[in-house]
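The values are calculated or read from the model by the stated rules, or taken from the named source; none is laboratory data. This one's a predicted model, so the numbers in the text were calculated from it and none came from an experiment. Please note: Cβ atoms are built from the backbone with ideal geometry, for glycine as well, and neighbour counts cover all protein chains shown.
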Amino acid sequence: MFGRLTIEAFKHDATQSMAVLSMLFGGVALISFITYLKRWKWLWNEWLTTVDPKRIGIMYIVVVLMMFLKGFGDAMMMRLQQAFSVGDSQGFLSASHFQEVFSAHGTTMIFFVAMGAVFGLMNLIIPLQIGARDVAFPFLNALSFWLFASGAALTLVSLAVGHFANAGWLSYAPLSSIEYNPGEGIDYWIWIVQIAGIGTTLGGINFLVTILKMRCPGMTFMRMPIFVWSCLCANVLIILAFPILTVTLFMLALDRTLGMHFFTVAGGGNYMMYTNLIWAWGHPEVYILILPIFGVFSEVVPTFSEKRLFGYASMVWALIFITVISFVVWLHHFFTMGASPYVNAIFGILTMIVAIPTGVKIFNWLFTKFRGKVHFTSPMLWFFAFLVNFTVAGMTGILLSAPPVDFQVHNSLFLIAHFHGMVIGGFLFGFFAAFTYWFPKFTGFMLDEKLNRYAFWFWSGGFLLAFMPLYMLGFMGATRRLDHYEASTGWHPLFILVAVGAVILFCGANIQFFGLFWTIYKRKQNWDHTGGDPWNGRTLEWSIPSPPPVYNFATIPTVYDRDPLWDIKHGKTAPPKKEYEDIYMPINTPIGMYIGGLSLIFGFGMVWYIWWLVILSFIAILICAIIRLSSKDEHELITAQQVKEIEDEHLRRMKSHD
Amino acid sequence: MKIKKNPVLSMLFFSGLFLLIILIMQPLNIWQFGEKIVVLFPKGMIALEQRNLLFILQALMLIIIIPVYILTFVFSWIYRADNPKGKYDPDLVDNTVAECVWWGLPLILVIIASVLTWVKTHELDPYKSIESENKEIKIQVVALQWKWLFIYPEEKIATIDFIQIPENTPVQFELTADAPMNSFWIPALGGQIYAMPAMTTFLNLIANEKGDFRGSSAHISGEGFSRMNFVTRASTKEDYDKWVSSVKQSGSELNLERYNELAKPALGDKPLFFQLTDETLFDDIVNKFMHPKP
């Protein structure tokens, strides 16, 4: 009846029980809070069933913030364990629990924080920057979000029911094979990543088509904002890379559930192929994360330098260059697997080439400041933190790309320091910059600048303390994923330093969460008095009210050059005339959410071998899809009169704040 | 949005402080931990070469990174919004010469680094035997769950979690696993290579000094992997010979039966020593997962 799900799956050790209890408590508190506010109907109508990319983008960010807390908790547990578990002391986590924790940390942070943040930003910003009212496939967009959310939910379920994977965030075969890992953990990982990954592929298709087909009149490719360019490149990478992941995971699932031999040791399988395939996806993946952040800084730096971006064409070609080259470097993740020096050297050199376009981008940002007026607002501060840490991580990346050096530092904490420099120093600081920069656009008020600055100093200082010693630990021979080490290694002082750094980072993150709630609470004091353009922006999103109305643009703009708003402000083009027209917008539908919920049940069934549940939920998913495909009119009309009223209302509200 | 205090000054102050901390931290680290930083103070020729390549690449990179750091702060300082002396030229968005410089400069550095990488990757190929006047010794390595089995096929001895080698003598490791993928790493002597089931890989190392060096599995292979450490003892040739003969006399026998006992998943608590009676043991382990011959 319940497959291999038994009462054993609900028994946990103390730390995990605490996590489960706090999760349940949080859930109950949230539900009662919404009930107390009588907001269920509002939540359903305005959010859960929405197909508006702005709303979906905000929901992405909400899930991201929740998963970020979870991933951060995992990280704290790891670092505290490593600070205590030396010599005779065993720390507070068992080896198998520790391995679940770091696997969950990687999976959560990459798939549900970083990817979610990228899609959140794309949903929020792309339609506004290209002058569109919607994305190309609004329903598909909602579906991508709900598949993503369902993967995130399955991650939380894995915390409460049974165990998570214990083979690292990429579950290398043959450790992930049924032979060495018979439990449900790897299956959780497979289906979490599979469900979220399919959502990502759909989202990638949606945004590629959106950028290609929905640009406003006059916006040629070489007039698109760099953020849109970076997303275009990232979406090309998603469409090319994510199917590799989907297929690889299917093969691993077939190995595990149906006893096939793609990646097994015995029976003619080749587990090295798993490593190969997973990195053929995995390396483009890290560029999917970082490219949009390059785009973010290409918007932030010019805006706060009161200049246009230096070397636009260079920036575009650098992005394209990185996109192409990111597909031919994946082998540098396994130089140590014993390939010939020819293979290793060629992939090492290809990897080094990535440094050229990245360097070009950094120089262009620097020269955007040259003869500008640099404002030290918090997005700009995050740019400094990004630049300092990202270049250090880039430099160590080049060291890692030389095979002989890689042999000495691969799988060590040096590697961990390198890629956390990339994802925290690069991606996360960029996301913080984007969050602060675009926050007023979607709320109408500004994030608390003072708290943001405190957070900035905590993050910069904490980052250096938490990750710089890891380079040294790597040189001392400390490998990654250690739940215990001998006292004679001499690593203990540095591990304590690292744990202190992690605590400082945790304070920084808490200041940000507090700052977010504080800003919302004190929103009346933080109103954006310009009504939509607080930073003196250059691109189309700042030309419309904040928060944008459901149709974004009352009049679809026409663009004559890059930075259209800059041109209007400098009198190079005339401001657009206010002419209102009838607008058709897609209507809400709960089907995306239904399919997401059913995928969660489907995934759960697959993990625990509850086959009837798998079959039922799969049929239900098909039925939902058929219902959606056979519905006729999916649009509602907003008349020109209503548009005028909404726009006038915005003007009135703006005046009342002054 | 206005910020009242002078943020630039405090920014520079804090950044300076951070950079100072980092700069001081590295010499402090080296002074404090010294010889324990094995990658930077290696004990073997291979590790030394690898470290030297690391230093050269690092120096090449700093040629670009130091100017970038300086320019970041100089530009931000000169062109800060409240500096009346800073020139303002919002239409300066293109300069072909400048852009050629920063496409060209990294390109030149990457070409230099590439040539270096190509040459060094071939020179330091882990499969290549090391030239020396002393006769190379062979050690077969089997990664188990979660211990290392070392077989000396010529000396006909075997050990668990302990290697002794003579100094200044090339050692060829032939690796396999009867476990998930592991990575065999002795940082004091040189880089790692994966030990994988049903196949063999090779690693050539040499110790140029006497001493006990820590080795470990650098790649996760299951629950006990963080305790998969072993000691590599480099000694004089005489001590090594003595050790071999003592193991031969005192050690218990290692045959397939005893091996199957060892291969069961368990932590390796302390080193064990054996005489090797089953000479085809290593090949049997490699071929274990193949289908039996018809």
Open item on the list: Just checking, does segment A:622-630 include any residue being charged (D, E, K, R) and at pLDDT below 90?
Closed with: no
Open item on the list: Please go through (1) at pLDDT below 90; (2) more than 9 Å from every other protein chain (Cβ to nearest Cβ) for A:Asn536 and return the number of the only condition it doesn't satisfy.
Closed with: (1)
Task: Failed item, numbered, when A:Thr436 is tested on (1) surrounded by 24 or more Cβ atoms within 10 Å (Cβ to Cβ); (2) within 30 Å of A:Thr530 (Cα to Cα); (3) more than 12 Å from chain B (Cβ to nearest Cβ); (4) not basic (Lys, Arg) - done: (3)
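Taking into account only those residues within segment A:38-95 that are of a type in the set (A, V, I, L, M), outside any helix (DSSP H, G or I) and within 14 Å of chain B (Cβ to nearest Cβ), which is farthest from A:Gln129 (Cα to Cα)? Give the derivation first.
Here is the first cut: in segment A:38-95, the residues of a type in the set (A, V, I, L, M) are A:43, A:48, A:51, A:56, A:58-59, A:61-67, A:69, A:75-78, A:80, A:83, A:86, A:93, A:95.
Narrowing further to those that are outside any helix (DSSP H, G or I): A:51, A:86, A:93.
Those left that are additionally within 14 Å of chain B (Cβ to nearest Cβ): A:86, A:93.
Numbers: A:Val86: 53, A:Leu93: 48 Å.
Checked segment A:38-95; the qualifying residue farthest from A:Gln129 (Cα to Cα) is A:Val86.
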Open item on the list: Please count how many residues of segment B:25-40 are surrounded by 17 or more Cβ atoms within 10 Å (Cβ to Cβ) and either within 24 Å of B:Lys120 (Cβ to Cβ) or more than 9 Å from chain A (Cβ to nearest Cβ) (or both).
Closed with: 4
Open item on the list: Any residue in segment A:545-571 that is touching a residue at least 40 places away in the same chain (Cβ under 8 Å) sitting within a Cβ distance under 6 Å of a residue that is of a type in the set (Ser, Thr, Tyr)? List the pairs, counting only those 6 or more apart or interchain.
Closed with: A:Ala554/A:Tyr580; A:Tyr560/A:Thr573
Task: Checklist (1) outside any helix (DSSP H, G or I); (2) under 27 Å from the mean Cα position of the chain (by Cα) applied to A:Gly3, failing item - done: (2)
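Here is a yes/no grid of residues against (1) modelled with pLDDT of 95 or more; (2) farther than 26 Å from A:Lys41 by Cα; (3) aromatic (Phe, Trp, Tyr); (4) out of contact with any Lys or Arg (no Cβ under 6 Å at 6 or more places or on another chain):
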{"site": "A:Pro548", "(1), (2), (3), (4)": "no, no, no, yes"}
{"site": "A:Asp561", "(1), (2), (3), (4)": "no, yes, no, yes"}
{"site": "A:Leu565", "(1), (2), (3), (4)": "no, yes, no, no"}
{"site": "A:Ile638", "(1), (2), (3), (4)": "no, no, no, yes"}
{"site": "A:Leu651", "(1), (2), (3), (4)": "no, yes, no, yes"}
- [ ] List the number of the failed condition for A:Phe33; all other conditions in (1) hydrophobic (A, V, I, L, M, F, W, C); (2) farther than 18 Å from A:Met67 by Cα; (3) touching a helix residue (DSSP H, G or I) at 6+ places or on another chain (Cβ under 9 Å) hold.
- [x] (3)
- [ ] Can you work out which of the residues in segment B:163-208 that are touching a Phe, Trp or Tyr at 6+ places or on another chain (Cβ under 9 Å), more than 11 Å from every other protein chain (Cβ to nearest Cβ) and assigned to a loop (DSSP other than H, G, I, E, B) is surrounded by the most Cβ atoms within 10 Å (Cβ to Cβ)?
- [x] B:Ala207
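Can you list the helices (runs of 4 or more DSSP H) found entirely within segment A:533-630 that contain at least 3 residues being within 30 Å of B:Val93 (Cα to Cα) and more than 28 Å from the chain's Cα centre (by Cα)?
Details: elements: A:564-569, A:591-608, A:611-630.
Because the criterion is at least 3 residues that are within 30 Å of B:Val93 (Cα to Cα) and more than 28 Å from the chain's Cα centre (by Cα), the helices (runs of 4 or more DSSP H) in segment A:533-630 that meet it are A:564-569.
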- [ ] Can you run down the residue pairs with Cβ atoms below 8 Å, 6 or more apart or on separate chains, where the first is in segment A:213-232 and at positive phi and the partner is at pLDDT below 95 and part of a loop (DSSP other than H, G, I, E, B)?
- [x] A:Gly218/A:Thr558; A:Gly218/A:Val559; A:Gly218/A:Tyr560
Open item on the list: Suppose we keep only residues that are surrounded by fewer than 22 Cβ atoms within 10 Å (Cβ to Cβ) and in a loop (DSSP other than H, G, I, E, B) within segment B:209-229. Which one would you say is farthest from the other protein chains (Cβ to nearest Cβ)?
Closed with: B:Lys210
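With respect to A:Tyr437, determine if the residue is in a helix (DSSP H, G or I), over 22 Å from A:Ala117 (Cα atoms) and of a type in the set (Ser, Thr, Tyr).
Working: in a helix (DSSP H, G or I): yes; over 22 Å from A:Ala117 (Cα atoms): no; of a type in the set (Ser, Thr, Tyr): yes.
No; evaluated as a whole, the condition is false for this residue.
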Open item on the list: Yes or no: segment B:237-258 includes at least one residue that is closer than 30 Å to A:Phe407 by Cα, within 14 Å of another protein chain (Cβ to nearest Cβ) and surrounded by 16 or more Cβ atoms within 10 Å (Cβ to Cβ).
Closed with: no
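Residue-by-condition table, conditions (1) free of Cβ contacts under 8 Å to residues at least 12 places away in the same chain; (2) under 24 Å from A:Val228 (Cα atoms); (3) buried (at least 21 other Cβ atoms within 10 Å of the Cβ); (4) of a type in the set (Ser, Thr, Tyr):
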residue: A:Asn45; (1), (2), (3), (4): no, no, no, no
residue: A:Arg55; (1), (2), (3), (4): yes, yes, yes, no
residue: A:Gln82; (1), (2), (3), (4): no, no, yes, no
residue: A:Gly87; (1), (2), (3), (4): no, no, no, no
residue: A:Ser103; (1), (2), (3), (4): no, no, yes, yes
residue: A:Gly116; (1), (2), (3), (4): no, yes, yes, no
residue: A:Asn123; (1), (2), (3), (4): no, yes, yes, no
residue: A:Pro127; (1), (2), (3), (4): no, yes, yes, no
- [ ] Kindly provide the set of residues from segment A:604-615 that are touching an Asp or Glu at 6+ places or on another chain (Cβ under 9 Å) and either among the polar types (S, T, N, Q) or closer than 15 Å to A:Ala160 by Cα (or both), ordered by number.
- [x] A:Val607, A:Trp608
TODO: Evaluate the following for B:Val93: is it more than 30 Å from B:Ile46 (Cα to Cα) and free of Cβ contacts under 8 Å to residues at least 12 places away in the same chain?
DONE: yes
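From A:Thr49, A:Thr35, A:Thr15, grab the single residue that is of a type outside the set (D, E, K, R) and touching a Pro at 6+ places or on another chain (Cβ under 6 Å).
Among A:Thr49, A:Thr35, A:Thr15, only A:Thr49 is of a type outside the set (D, E, K, R) and touching a Pro at 6+ places or on another chain (Cβ under 6 Å).
Consider B:Ser245 carefully, then state whether it is of a type in the set (Ser, Thr, Tyr) and more than 18 Å from B:Thr159 (Cβ to Cβ). So that I can check it myself, show each step before the final result.
On the way: of a type in the set (Ser, Thr, Tyr): yes; more than 18 Å from B:Thr159 (Cβ to Cβ): no.
So B:Ser245 fails the test.
Scan segment A:343-362 residue by residue and report those that are facing another protein chain (nearest Cβ under 8 Å) and over 26 Å from the mean Cα position of the chain (by Cα). Before you say what the answer is, go through the steps one by one.
To start, the set of residues in segment A:343-362 that are facing another protein chain (nearest Cβ under 8 Å) comprises A:344-345, A:348-349, A:352-353, A:355-356, A:359-360, A:362.
Scanning segment A:343-362 gives A:Asn344, A:Ala345, A:Gly348, A:Ile349.
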- [ ] Tally the residues that are small (Gly, Ala, Ser) and part of a helix (DSSP H, G or I), restricting the search to segment B:88-133.
- [x] 4
Open item on the list: Name the single residue that is farthest from the chain's Cα centre (by Cα) among those in segment B:41-76 being more than 9 Å from chain A (Cβ to nearest Cβ) and closer than 23 Å to B:Val101 by Cα.
Closed with: B:Val74
